[in-house]
Amino acid sequence: MCDEERRYYQTANCTNYDLLKAFAKEMRNNPTQAESCLWEYLRFDTFNVRFRRQYIIGDYIADFCCLSKKLVIEIDGGYHNLPDQQISDAERTAKLNTLGFEVIRFTNEEVLFDTDNVLLKIQRYIDS
């Protein structure tokens, strides 16, 4: 059960925390190729800020989160082009926005084949 006094749990929904924590751990242990690629840049404070991966915010698990900048980075595979998934993604983004987070999205292809541009866009968000 989640302890509201501890900083680590501040962004998580306590009622679903144990389930989300297990799922986040599974996703950290089995990242997509694009997630692994981007994490290699984010994990070493490339932008002089700390990112967390598979971070729980409310009822969601963000691919990457920078708490100090209130920035969430999502990497979307092909299924995110499906109409139902686009609606779900829009709702998720809106909810994260209401919690004070800015959400930026990249496709797997952008991360894998246009990494420099992805890193430049992340830098711009951090600097703004």
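The values are calculated or read from the model by the stated rules, or taken from the named source; none is laboratory data. Fair warning: this is a prediction, and the values are worked out from it, not measured in the lab. Neighbour counts are summed over all protein chains in view; Cβ atoms, including those assigned to glycine, are modelled from backbone coordinates with ideal geometry. Heavy atoms of the whole protein, side chains included, go into the accessibility calculation; ligands, DNA and RNA do not. Shrake-Rupley method; radii C 1.70, N 1.55, O 1.52, S 1.80 Å.
Which residues, taken from segment 75-128, are of a type in the set (S, T, N, Q), over 12 Å from L38 (Cβ atoms) and assigned to a helix (DSSP H, G or I)?
Scanning segment 75-128 gives N81, Q85, Q86, S88, T93, N97, T98, N117, Q123.
Any residue in segment 87-103 that's in contact (Cβ under 8 Å) with a residue 60 or more places away in the chain: show its pairings with residues that are outside any helix (DSSP H, G or I) and surrounded by 12 or more Cβ atoms within 10 Å (Cβ to Cβ) at Cβ separation under 9 Å, as long as the two are six or more apart or on different chains.
L99/T11; L99/I57; L99/G58; L99/K70
Quick one: which residue in Y125, Y41, Y60, Y55 is touching a residue at least 60 places away in the same chain (Cβ under 8 Å) and aromatic (F, W, Y)?
Y41
Can you give me the number of residues within segment 68-91 that are within 14 Å of V103 (Cα to Cα) and touching a Phe, Trp or Tyr at 6+ places or on another chain (Cβ under 8 Å)?
Number satisfying all stated conditions: 8.
Please specify each residue of segment 78-122 satisfying the condition of being aromatic (F, W, Y), modelled with pLDDT of 90 or more and open to solvent by 90 Å² or more (accessible area, probe 1.4 Å).
F113, the sole residue that qualifies.
Which of the residues spanning segment 20-68 are touching an Asp or Glu at 6+ places or on another chain (Cβ under 8 Å) and either open to solvent by 70 Å² or more (accessible area, probe 1.4 Å) or of a type in the set (D, E, K, R) (or both)?
Listed by number, the residues that qualify are E35, R53, D63.
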